[in-house]
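*Asks:* Let me give you the structure first, and then I'll get to my questions.
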Amino acid sequence: MKFDVVIAGGGFAGAYCARALARELGATAQTRVALVAQENVLTFQPMLAEVAGSSLSPLDVVNPLRDFCRGVNVLRGTIRAVDWAKKSLCLDAGRFTPDHVIEFEHLVIAIGSVVDFSQVPGMAQHGLPLKTVAHALRLRSAVINRLEEANLTTDPLARRHLLTFVVVGGGYTGVETAGQLVDLLQDVQELYSNLHREKIRVVLVHSRGHLLAEIGEKLGDYAQCVLESRGTEVRLNTRVIEVTADRAMLSDGSFIETHTILSTVGNATHPVVLDLCRQLTLDPPRGRIPTDAFMRVQGQTQLWAAGDCAAVPWGAEASPPTAQFASRQGVQLGRNLARVLQGGEPLPFSHRHLGQLATVGNRAAVAEIMGFRFSGFLAWWLWRSIYLAKLPGIARKLRVMIDWSFELFFPRDISLLLPPPEEPLRAVHYRQDAVIFARGTPVQGFFSVQDGRVEARRPGEPAQHFTRGQLLDGALQAADGTWSCDAVASEPTNVLLVRGLALELLRRNTSSSAETPPLAAAPLA
């Protein structure tokens, strides 16, 4: 696959860039432009808190990329690496499709950031992020599960832990999610027969002296007053320094006993962005790729960047990493690329900041629009009106209007529909002569032979044989993280695959233990 333009990332910047290119290039965009995204939907992230609070359906806040970006080639997969010297990227398409190499003339990096909880011990194991629809559904399910367990238990201490919820971070996402959780919990508490008289705690922990620092101290203090008036505990100038299965340790020496912790902080630069900057010997300020006013990466003519991962000039500063700027950067970048492809010159990015809004629950919000500040019901009405207008697609707008209308008259839905997580250990059967992994493919998961026979084959060398109870040796892995041989089932064979967090734990344990033989990894079957 080779394209004139490859857009890496299906968020606001990438999707709007692809959409603008499709409109500018017309029918030729299908073969000239590819949008590479890890998910096949554009997520309207400003409304994720309402999904977590069971105010909106998850389908209300997503739009299929193939519908939103009609006219371009949408490729769903995970980008493993970008090779700038070869003008190509490696794409992992899934379990049953081999990795693809996609070549390009122009590359747009709009890949955003990743969740990184490594700075707080225990947060990766016990904390819940809120970055995708799946995260919002997982948080919603966790909250409802805690209510179900608390309704069942007769132990007062256990019930108190179950009914305590901690939100880390006092920015937009943290404040809005705390407000939504309070709304959800107070709205459905009466449905649980054994919880009518129980106190439900929602604790918001923020490292600064005011909430919503981006919108001003006055409105931040108002948001705090609204949250506290509804029972939320706000801990300012405090950080969570350690998390266990039943406790959040705070920087002031105190702790909160809880089983549910949501962290809205802990974003980190995407590894693909870091690797690309290394290849280009760039020093990304605050982990964001530096660009010129046209959104070209400094020193390059065919590499562009937009959105949260790009430091696009905006006056004397870099554009803030918000959806408002990302969507407008995407549109302008799409038009610039069309101009360049047609032999023209790009135009600089410019945007007048329109304002910021945040809801705090109970039909109250704070807003700063065109220099004017609002709070209370008027700000809440503005929030809903503006975001409803910005939500892509007429069908989504109608669905949201219906859901919001139902919320005025009926309690929120507490149905548990999220499927259980996939097991980290999985047995897989291979027929005779089936290839378990091929030479040169990336190592993705540990495996051991349960029964049958596996041959590891290298060109010009005798085959190595592995049978029941044996683990493939680490020597079969090449230095670049790929397999140095082909593994073939010489008879019907069952193997045990280990992946995900279990894989990482095994890697750490086996690498640090001299007594434990090294496990090897294989691609998921």
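The values are calculated or read from the model by the stated rules, or taken from the named source; none is laboratory data. Treat the numbers as computed from the prediction; the structure is a model and nothing was measured. Using ideal geometry, Cβ is built from the backbone for each residue, glycine included, and neighbour counts are taken over all protein chains shown. Areas reflect the complete protein model, heavy atoms only, side chains present, ligands, DNA and RNA absent. Shrake-Rupley method; radii C 1.70, N 1.55, O 1.52, S 1.80 Å.
*Asks:* By how many nm would the segment from Arg70 to Asp275 grow when fully extended, if each residue of separation counts as 0.36 nm and the alpha-carbon distance is taken off?
*Replies:* Working: separation 205, 0.36 × 205 = 73.80 nm, distance 3.07 nm.
70.7 nm is the gain from fully extending Arg70 to Asp275.
*Asks:* If I ignore ligands, DNA and RNA and count only protein heavy atoms, how much of Tyr387 is accessible to a 1.4 Å probe, in Å² to the nearest 10?
*Replies:* Only protein atoms counted, so the area is about 40 Å².
*Asks:* Please compute the net charge surrounding Val101, taking Lys and Arg as +1 and Asp and Glu as -1 over other residues with Cβ under 13 Å from its Cβ. The partial results should precede the final answer.
*Replies:* Values: positive: Lys2, Arg80, Lys86, Lys87; negative: Asp83, Asp92, Asp99, Glu103.
Net charge in that neighbourhood comes out at 0.
*Asks:* For the range 353-397, what does the alpha-carbon gyration tensor say about shape, rounded, prolate or oblate, given a ≥ b ≥ c as the root eigenvalues, a/c under 1.5 as rounded, and a/b over b/c as prolate? Working shown, then result.
*Replies:* Details: a/c = 2.97, a/b = 1.41, b/c = 2.11.
Oblate shape, in that a/c is at least 1.5 and b/c is the bigger or equal ratio.
*Asks:* Tell me the per residue accessible area of the range 148-301 using a 1.4 Å probe; a whole number in Å² is fine.
*Replies:* Details: 7250 Å² over 154 residues.
Per-residue accessible area for the range 148-301 comes out at 47 Å².
*Asks:* What distance in nm separates the two pseudo spin-label positions at Ala93 and Glu214, each 7 Å out from Cα along the beta-carbon direction?
*Replies:* Between Ala93 and Glu214, the label points sit 3.7 nm apart.
*Asks:* When you take every Cα atom in the range 295-367, what is the radius of gyration, and what is Dmax, the widest Cα pair distance, in Å?
*Replies:* Looking at the range 295-367, its Cα Rg and Dmax stand at 15.3, 54 Å.
*Asks:* Label-point separation (nm) for Leu417 and Ala395, each offset 7 Å from Cα along Cα-to-Cβ?
*Replies:* 1.5 nm
*Asks:* Taking a label point 7 Å from the Cα of Arg373 along the Cα→Cβ vector, which residues of the range 200-214 have an amide N closer than 16 Å to it?
*Replies:* Output list for this probe position: 209-214.
*Asks:* Could you check how much of the accessible area of the range 1-86 is carbon and sulfur, as a whole percent, using a 1.4 Å probe?
*Replies:* Working: 1530 of 3230 Å².
Carbon-and-sulfur percentage of accessible area, whole number: 47.
*Asks:* Which value, in Å² rounded to 10, gives the accessible area of Thr153 with a 1.4 Å probe and all protein chains present?
*Replies:* 30 Å²
*Asks:* Return the loop-located GluC sites (Glu not before Pro) in the range 338-444 (DSSP other than H, G, I, E, B) with at most 11 other Cβ atoms within 10 Å of their own Cβ; answer none if there are none. Working shown, then result.
*Replies:* Values: sites: Glu368, Glu407, Glu422; in loops: Glu422.
For GluC sites (Glu not before Pro) across the range 338-444 that sit outside H, G, I, E and B with at most 11 neighbouring Cβ atoms in 10 Å, the list reads Glu422.
*Asks:* With every protein chain left in place and a probe of 1.4 Å, what is the accessible surface of Arg396, to the nearest 10 Å²?
*Replies:* Roughly 40 Å² of Arg396 is accessible to a 1.4 Å probe.
*Asks:* Turning to a different aspect of this structure: Accessible area per residue, 1.4 Å probe, Å², for the range 1-49: what's the number?
*Replies:* Details: 1740 Å² over 49 residues.
The answer is 36 Å² per residue.
*Asks:* Per residue, how much accessible area does the range 79-140 have with a 1.4 Å probe, in Å²?
*Replies:* Values: 2850 Å² over 62 residues.
Normalised by residue count, the accessible surface of the range 79-140 is 46 Å².
*Asks:* Ordering Cys277, Cys225 by accessible area with a probe of 1.4 Å, largest first, what comes out? Write down the numbers at each step before the final one.
*Replies:* Working: Cys277 5, Cys225 80 Å².
Sorted by accessible area, descending: Cys225, Cys277.
*Asks:* Take Asp433 and Thr467, extend 7 Å from each Cα along the Cα→Cβ direction, and tell me the distance between the two endpoints in nm.
*Replies:* Taking the simple label geometry, Asp433 and Thr467 are separated by 2.3 nm.
*Asks:* So for the range 1-97, taking the charge dipole from beta-carbon charges (+1 Lys/Arg, -1 Asp/Glu), which of Ala20, Ser54, Phe96 sits furthest toward the positive end?
*Replies:* Most positive-ward Cα: Phe96.
*Asks:* For the chain, report the convex hull volume of the alpha-carbon atoms normalised per residue, in Å³, without decimals.
*Replies:* Numbers: hull volume 96.7 nm³, N = 525.
It comes to 184 Å³ per residue, whole-number rounded.
*Asks:* Can you send over the carbon and sulfur percentage of the accessible area for the range 262-331, probe radius 1.4 Å, protein chains only?
*Replies:* Values: 1630 of 3050 Å².
Answer for the range 262-331: carbon and sulfur cover 53 percent of the accessible area.
*Asks:* I'd like the FRET efficiency for Arg352 and Leu191, computed as 1/(1 + (r/R0)^6) with the beta carbon distance as r and R0 of 41 Å, rounded to 0.05.
*Replies:* Details: r = 47 Å, r/R0 = 1.14.
Once the sixth-power term is evaluated, E becomes 0.30.
*Asks:* Shifting gears a bit: For an R0 of 35 angstrom, estimate the FRET efficiency from the Cβ-Cβ distance between Asp246 and Asn362 and round to the nearest 0.05.
*Replies:* Working: r = 30 Å, r/R0 = 0.85.
The formula returns an efficiency of 0.75 here.
*Asks:* Students sometimes get this wrong: rank Lys87, Lys2 by accessible area, probe 1.4 Å, all chains present, largest first. Can you show the working numbers first?
*Replies:* Numbers: Lys87 50, Lys2 125 Å².
So, going from the largest accessible area down, we get Lys2, Lys87.
*Asks:* Also, quick follow-up: Using only DSSP helix segments of four residues or longer, with each worth -39500 (n - 2.57), what per-residue ellipticity at 222 nm results for the chain after dividing by its residue count and rounding to 500? Present the calculation step by step, with values, prior to reporting the outcome.
*Replies:* On the way: 14 runs with 159 residues, N = 525.
Mean residue ellipticity, 222 nm, calculated: -9500 deg cm²/dmol.
*Asks:* Let me ask something else about it. Under the definition of Cα pairs under 8 Å and six or more residues apart, what whole-number percent is the relative contact order of the chain?
*Replies:* 14 percent
*Asks:* Can you list the HN-Hα couplings for the range 67-75, worked out from phi with the Karplus curve (6.51, -1.76, 1.60; θ = phi - 60°), rounded to whole Hz and with x for Gly and Pro?
*Replies:* My calculation for the range 67-75 gives 8, 5, 10, 4, x, 10, 8, 8, 10 Hz in order.
*Asks:* Please work out the FRET efficiency for the pair Asp83 and Asn494, using the Cβ-Cβ distance as r and a Förster radius of 25 Å; give the result to the nearest 0.05.
*Replies:* On the way: r = 37 Å, r/R0 = 1.47.
Rounded to the nearest 0.05, the efficiency is 0.10.
*Asks:* I'd like the Karplus ³J(HN,Hα) series for the range 331-342: coefficients 6.51, -1.76, 1.60, θ = phi - 60°, whole numbers in Hz, and an x wherever there's a Gly or Pro.
*Replies:* For the range 331-342, the Karplus-derived couplings read 4, 5, 5, x, 5, 4, 5, 4, 4, 5, 5, 9 Hz, x marking Gly and Pro.
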